[in-house]
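J.: Take a look at the following structure, please.
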Amino acid sequence: MKKSVGIIGANGYTGSELVRLLAFHPNIELKFLYSRSNSGVKISDLYPDLDSVCDLVLENTLRPVDILFLCLPHTESAKWLAERPADDEVLIIDLGNDFRLSTHFGSRDFVYGLPEIHFNEIQNSKSIANPGCFATAIQLALLPLAKENLLKDVYTTGITGSTGAGQSLQPTTHFTWRNDNISAYKTLNHQHVDEILKQINSLNNQEVELNFVPWRGDFARGIFTSSIISCDLELEKIYSLYKDFYKDSPFVKVSEKPIDMKQVVNTNFCTIQIEKKGNKIAIHSTIDNLLKGASGQAVQNMNIANGWEQNLGLNLKPIAF
């Protein structure tokens, strides 16, 4: 029997990507798409790529469902749940940042939904806080080293596409500003640093200092990060650590060849490559910010929580050109 799904905030980028993924999921029935600002509008009129994929109309009415995805602006999910409490048996997956650090809310305790380290907790939870996009890419690049207590001072740069800023128009998302342009933002002060450190420090036996400089890129989707640390291990040993750490993680690929962002765009994969010079290593990681960094990972978490195969509905080919 199929599980029924509702999406709150279906008119945004992450909500519409969920529609695209779930429309082809064999165990799911999309029951309603909720939007206050676009109520009465057909989802495919907002996103023509969904024409012939989904004919649902956005509405401001709630219906009983088995699974509820919250695709709301940051800080809005807690307000939503406070005003409209869901039954404890409803699986809630929040794509915002409300419960990544403060996990307790009412009768619910939210699990941090990074499957590569919290699979068992996700499997037994009805409340999942989906990680942030930069947080996913950076954590996956560093977790094997944290497990071996090899992290202390980390220097990370990362570039993200314009969809990472959301659908609301801002001066830095105009085509005329983004095209042929790049800029740093929230230098050493990005909102994902705290959630990264919370997870990294849970594995590492010493406090880690993460120095993160994010960049805005002149492309629509994707993230590429590079993290540099001091490490005396041989490169072959480091690769062995990574491959062992991710041996049961179907969406993480460890590559000994140079990687690029187009290898993962339109997929739920994270690809990692490592380089070494002297006692410095650079760990590169790349994801699609809307999929492994948001909606794809949310579907992966839904699959795990329901006891399904992790890749159900997520067998996607990258867009190579």
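The values are calculated or read from the model by the stated rules, or taken from the named source; none is laboratory data. Computed from a predicted structure; not experimentally measured. We place every Cβ from the backbone using ideal geometry, glycine too, and count neighbours over all the protein chains shown. These area figures cover heavy atoms from the full protein model, side chains too; ligands, DNA and RNA do not enter into them. Shrake-Rupley method; radii C 1.70, N 1.55, O 1.52, S 1.80 Å.
Conditions tested, residue by residue: (1) assigned to a helix (DSSP H, G or I); (2) crowded, with 20+ Cβ neighbours inside 10 Å; (3) of a type in the set (A, V, I, L, M, F, W, C).
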| position | (1), (2), (3) |
| --- | --- |
| F134 | yes, yes, yes |
| I138 | yes, yes, yes |
| L145 | yes, yes, yes |
| N149 | no, no, no |
| T157 | no, no, no |
| G164 | yes, yes, no |
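J.: Can I ask one more? Do you know which residues across segment 117-132 are assigned to a loop (DSSP other than H, G, I, E, B) and of a type in the set (D, E, K, R)?
T.: Passing the criteria: only K126.
J.: Hey, does segment 227-241 have a residue that's in a helix (DSSP H, G or I), among the polar types (S, T, N, Q) and open to solvent by 40 Å² or more (accessible area, probe 1.4 Å)?
T.: Taking every residue of segment 227-241 in turn, at least one turns out to be in a helix (DSSP H, G or I), among the polar types (S, T, N, Q) and open to solvent by 40 Å² or more (accessible area, probe 1.4 Å).
Residue-by-condition table, conditions (1) more than 23 Å from G313 (Cα to Cα); (2) β-branched (V, I, T); (3) touching a residue at least 12 places away in the same chain (Cβ under 8 Å):
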residue: M1; (1), (2), (3): no, no, no
residue: G9; (1), (2), (3): no, no, yes
residue: S16; (1), (2), (3): no, no, yes
residue: H25; (1), (2), (3): no, no, yes
residue: F32; (1), (2), (3): no, no, yes
residue: L56; (1), (2), (3): no, no, yes
residue: N60; (1), (2), (3): yes, no, yes
residue: R63; (1), (2), (3): yes, no, yes
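J.: Next question. Criterion first (modelled with pLDDT of 95 or more, hydroxyl-bearing (S, T, Y) and within 20 Å of Q123 (Cα to Cα)) does S249 satisfy it?
T.: yes
J.: Also, quick follow-up: Against the definition (under 22 Å from N266 (Cα atoms) and either touching a strand residue (DSSP E or B) at 6+ places or on another chain (Cβ under 9 Å) or free of Cβ contacts under 8 Å to residues at least 24 places away in the same chain (or both)), how does G158 come out, yes or no?
T.: Considered against the rule, which asks whether it is under 22 Å from N266 (Cα atoms) and either touching a strand residue (DSSP E or B) at 6+ places or on another chain (Cβ under 9 Å) or free of Cβ contacts under 8 Å to residues at least 24 places away in the same chain (or both), G158 comes out as yes.
J.: Output the strands (runs of 3 or more DSSP E) that fall wholly within segment 1-116 and possess 2 or more residues being open to solvent by less than 10 Å² (accessible area, probe 1.4 Å) and either closer than 30 Å to K198 by Cβ or in the same structural domain as I200 (by the TED database) (or both), or say none.
T.: Where strands (runs of 3 or more DSSP E) fall fully within segment 1-116 and carry at least 2 residues being open to solvent by less than 10 Å² (accessible area, probe 1.4 Å) and either closer than 30 Å to K198 by Cβ or in the same structural domain as I200 (by the TED database) (or both), they are 3-8, 67-70, 91-94.
J.: Which condition number in (1) touching a residue at least 60 places away in the same chain (Cβ under 8 Å); (2) outside the structural domain of F224 (by the TED database) is the one that Y246 fails?
T.: (2)
J.: Of everything in segment 173-200, what is touching a residue at least 12 places away in the same chain (Cβ under 8 Å), open to solvent by 30 Å² or more (accessible area, probe 1.4 Å) and not in a strand (DSSP E or B)? Give them in sequence order.
T.: Of everything in segment 173-200, those that are touching a residue at least 12 places away in the same chain (Cβ under 8 Å), open to solvent by 30 Å² or more (accessible area, probe 1.4 Å) and not in a strand (DSSP E or B) turn out to be N179, D180, N181, I182, Y185, K186, T187, L188, Q191, D194, L197, K198.
J.: I'd like the full set of residues that are open to solvent by 10 Å² or more (accessible area, probe 1.4 Å), assigned to a strand (DSSP E or B) and either over 18 Å from K247 (Cα atoms) or of a type in the set (D, E, K, R) (or both), limited to segment 270-293.
T.: Of everything in segment 270-293, those that are open to solvent by 10 Å² or more (accessible area, probe 1.4 Å), assigned to a strand (DSSP E or B) and either over 18 Å from K247 (Cα atoms) or of a type in the set (D, E, K, R) (or both) turn out to be E275, K276, K277, K280, A282, H284.
J.: Considering only segment 201-212, state which residues are open to solvent by less than 80 Å² (accessible area, probe 1.4 Å) and in a strand (DSSP E or B).
T.: Across segment 201-212, the qualifying residues are L210, N211, F212.
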